[in-house]
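Everything below concerns the one structure shown next.
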Amino acid sequence: MTTHMITATTTNMTTDPILTLTQWLSPAYPVGAFSYSHGLETMVEQGAVTDVASFRDWLGDIIEHGAGHSDAILLTAAYNANNNDELAEIDALARALAPSRERLLETDQQGGAFARTTADILDLPLFSLTYPVAVGRAARLQDLPLAETARLFLHAFAANLTSAAIRLVPLGQTEGQLALHQLTPLCQSMADKAITETIDAIGSSAFAADIASMNHETQYSRLFRS
């Protein structure tokens, strides 16, 4: 009997940054994004979001006028931070901007989980940060392109809330993907805008979504943590 020995060979190569970002921002990355609805659960409970059109309008407003835009600016600021003191100031602002206890939990828990996982697998000097700040800092440490980081971050944000809407409204899978497809250009344009702005441009006027996140804290029946 002839025994054949199989040996593994390793080739040094540079990984496409898009593949790294896709891993970081995929549903498989253990940040627990699936357990947060950003106040959508209350909007559905109150009858404000009932179908694909109303969901698309709600999510579009958040991306353009709410946390989507603000988080993309925070991500950019973290990416451009020169030291840990600057990073800590940006993170403190991100926490102060959270309009409710649950929204603070959302960004704090996801950011902490992202930082721990990414630090472990890539041996990066990351500490617990809010989610957009952690992603921005990790992208800078890995020399990933800022524009693509911001675009994929916003698209992942929209995709997670689309998944929540499919379960909550409920929407069909096709309807949910249609809404996400229609909002993808907005994700790109808002990301491209955010990376040109300073942190002074942060401002939110998505008041209904903010109030919904406050009301969710006392909602009787809940599937999601926010």
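Derivation of every value follows stated rules applied to the coordinates shown; laboratory data play no part. None of these values were measured; they are calculated from a predicted model. Positions of Cβ are backbone-derived with ideal geometry, glycine not excepted, and every protein chain shown enters the neighbour counts.
The candidate values are (i) 31, 23, 17; (ii) 34, 22, 14; (iii) 44, 16, 13; the one derived from this structure for semi-axes √(5λ) of the Cα gyration tensor in Å carries the label (i).
By the beta-carbon count within 10 Å of each Cβ, the least crowded to most crowded order of ARG56, ARG95, fewest first, is ARG95, ARG56.
If each DSSP helix of 4+ residues adds -39,500 (n - 2.57) and the sum is divided by the residues in the chain, what number results at 222 nm, nearest 500 deg cm²/dmol? Write out the running numbers ahead of the final one.
Numbers: 10 runs with 144 residues, N = 226.
Estimated from H runs of four or more residues: -20500 deg cm²/dmol.
What net charge do the residues around THR130 carry, taking every other residue with its C-beta under 10 Å from that of THR130, with Lys and Arg at +1 and Asp and Glu at -1?
Details: positive: ARG95; negative: ASP71, ASP91, GLU106, ASP108.
Surrounding charge for THR130 is -3.
Going by average Cβ neighbours within 10 Å, how do the peptides 146-159, 121-134, 177-190 rank, with the highest at the top? Let's see the in-between values first.
Numbers: 146-159: 22.0, 121-134: 19.6, 177-190: 17.2.
Answer by packing, highest mean first, reads 146-159, 121-134, 177-190.
Would you tally the net charge around THR107, using a Cβ to Cβ cut-off of less than 11 Å, leaving THR107 out, and scoring K and R as +1, D and E as -1?
On the way: positive: ARG95, ARG103; negative: ASP71, ASP91, GLU102, GLU106, ASP108.
It works out to a net charge of -3.
Residue by residue, the stretch 74-84 carries 3J(HN,Hα) couplings of 4, 4, 4, 4, 5, 4, 8, 4, 8, 7, 5 Hz when phi is fed to the Karplus relation 6.51 cos²θ - 1.76 cosθ + 1.60 (θ = phi - 60°); x denotes Gly or Pro.
Summing Lys and Arg as +1 and Asp and Glu as -1 over all other residues whose Cβ lies under 15 Å from the Cβ of ALA201 gives a net charge of -4.
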